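A.B. asks: There's a structure below that I have some questions on.
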Amino acid sequence: LASQWGSTGLYKVTLERHVQTIVGGERQVYAFSLDNKQAKAVIAVSDAQTPGDLYTVRLADRKEQRLTQANADLLEDKTLSIPESFTFTARDGLRLHGWIMKPIGFNEGETYPLIVEIHCGPHAMYSYAFMHEFQVLANQGYGVLFINPRGSHGYGQSFVDAVRGDYGGRDYDDIMDAVDYALKQYAWMDAERLGVTGGSYGGFMTNWIVSHTNSFKAAVTQRSISNWLSFYGVSDIGYFFTDWELKGNVID
């Protein structure tokens with residue numbers, strides 16, 4: 001499994017480093033099992049409208065057959081907001097990628113509050129997968145903006161490494177550039193009703209944001225890093241994470 005621009009697919013890599021796509025598309029393949037005798041794979045897939053289902057894939061021609069519809073009854077009476085993918089240019093010229101979700105019951109000409117979501121990691125990736133939390137917010141009348149700032153997976157290793165030693169630097173600029181871009185592009189977003197939230201690293205960035213700008217009327221920091229000294233000693237990740245990410249030892 002490998003990720004690229006918000007999608008996670010299944011790839012075949014030879015010893016000569018030739019890469020072949022077995023399963024692609026704007027979705028997240030989050031698990032797979034191979035049956036070499038029958039030249040098939042079973043894949044677990046999520047997309048914007050599918051929390052998760054299983055498919056078989058013939059490796060020879062990549063033909064897929066759906067095996068399950070696990071949430072069909074649940075989704076039958078639910079209205080979903082389908083994320084709209086977009087790209088924009090950061091202030092230093094780097095191309096960035098994200099998504100916009102309109103609130104359920106959206107009416108053209110009206111304005112709505114917007115919540116900016118920030119993922120954990122920071123070496124993780126927002127994707128084309130189903131996001132329950134975002135659907136809950138959309139059903140409560142909020143628009144949702146989420147992007148993959150520097151530090152995220154899916155855009156190359158240098159992109160991943162760019163946040164190390166620079167928490168609250170270019171990553172902060174990326175998020176704020178996304179907000180500025182969205183407010184210019186989408187007339188329905190109310191600049192006076194902005195909220196921001198995220199968990200873990202996203203919680204750190206929420207803390208950072210509310211201490212560096214007054215753009216947001218509300219913020220929810222979830223399971224956040226708020227003190228690097230205490231985090232160093234009690235983190236479930238391990239002491240090495242702080243040294244690695246900050247490129248320094250906070251206790252010296």
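A.B. asks: With n ≥ 4 as the cut-off for DSSP H runs, can you work out [θ] at 222 nm for the chain, using -39500 (n - 2.57) per run divided by the number of residues, rounded to the nearest 500? Show your work: numbers first, answer last.
C.D. replies: On the way: 7 runs with 58 residues, N = 252.
When only DSSP H runs of four or more count, the value is -6500 deg cm²/dmol.
A.B. asks: In addition: Set the bar at 26 Å for Cα to Cα. Now go through Lys184/Lys217; Lys78/Lys217; Lys12/Lys63; Lys63/Lys102 and name every pair that lies beyond it.
C.D. replies: The pairs that break the limit, which is 26 Å between Cα atoms, are Lys78/Lys217; Lys63/Lys102.
A.B. asks: Taking Cα centroids, how far is region 104-123 from region 43-77 in Å?
C.D. replies: Measuring centre to centre over Cα atoms gives 26 Å.
A.B. asks: Between region 209-252 and region 162-184, how far is it from one alpha carbon centroid to the other, in angstrom?
C.D. replies: Centre-to-centre (Cα) distance: 17 Å.
A.B. asks: Follow-up. Once the principal axes of the Cα atoms of the chain are found, what is the range along each, listed largest first in whole angstroms?
C.D. replies: 58, 53, 36
A.B. asks: Separate question: Can you give me the Rg/Rh ratio for region 151-252, using Cα atoms for both radii and the Kirkwood formula for Rh?
C.D. replies: Using only Cα positions, Rg/Rh for region 151-252 is 1.01.
A.B. asks: Got a number for carbon plus sulfur as a percent of region 94-234's accessible area, 1.4 Å probe?
C.D. replies: Carbon and sulfur: 51 percent of the exposed surface of region 94-234.
A.B. asks: What does the C-alpha gyration tensor say about the overall shape of region 89-162? Classify as rounded when a/c is under 1.5, otherwise prolate if a/b is larger than b/c, or oblate. Provide the component values of the computation, followed by the final result.
C.D. replies: Values: a/c = 3.15, a/b = 1.86, b/c = 1.70.
Taking the square roots of the gyration eigenvalues as a ≥ b ≥ c, region 89-162 is prolate.
A.B. asks: For the chain, build the charge dipole from Cβ charges (+1 Lys, Arg; -1 Asp, Glu) around the Cα centre, then report which of Tyr11, Gly105, Pro122 sits farthest towards its positive end.
C.D. replies: Checked the options; the winner is Tyr11.
A.B. asks: Given axes a ≥ b ≥ c from the Cα gyration tensor, I'd like to know whether region 38-106 is rounded (a/c under 1.5), prolate (a/b larger than b/c) or oblate.
C.D. replies: On the way: a/c = 4.41, a/b = 1.37, b/c = 3.22.
The shape class here is oblate.
A.B. asks: When the Debye formula is applied to the Cα atoms of region 196-252, each taken as the same point scatterer, what base-10 log of I(q)/I(0) results at q = 0.27 Å⁻¹?
C.D. replies: Scattering profile of region 196-252, log10 relative to I(0): -1.04.
A.B. asks: Would region 40-158 count as rounded, prolate or oblate if I go by the C-alpha gyration tensor, calling it rounded below 1.5 in a/c and otherwise prolate when a/b exceeds b/c, oblate otherwise? Present the calculation step by step, with values, prior to reporting the outcome.
C.D. replies: On the way: a/c = 2.37, a/b = 1.18, b/c = 2.01.
It is oblate, given that a/c is not under 1.5 and a/b is not larger than b/c.
A.B. asks: So, one more: Per residue, what accessible area does the chain have, given a 1.4 Å probe and all protein chains present, in Å²?
C.D. replies: Per-residue value: 53 Å².
The values are calculated or read from the model by the stated rules, or taken from the named source; none is laboratory data. Predicted model, so just to flag it, every value in this text is computed and none were measured. Note: ideal-geometry Cβ built from the backbone for every residue, glycine included; neighbour counts use all protein chains shown. Ligands, DNA and RNA are stripped out before the accessible areas are found, and what is left, the full protein with its side chains, is counted by its heavy atoms. Shrake-Rupley method; radii C 1.70, N 1.55, O 1.52, S 1.80 Å.
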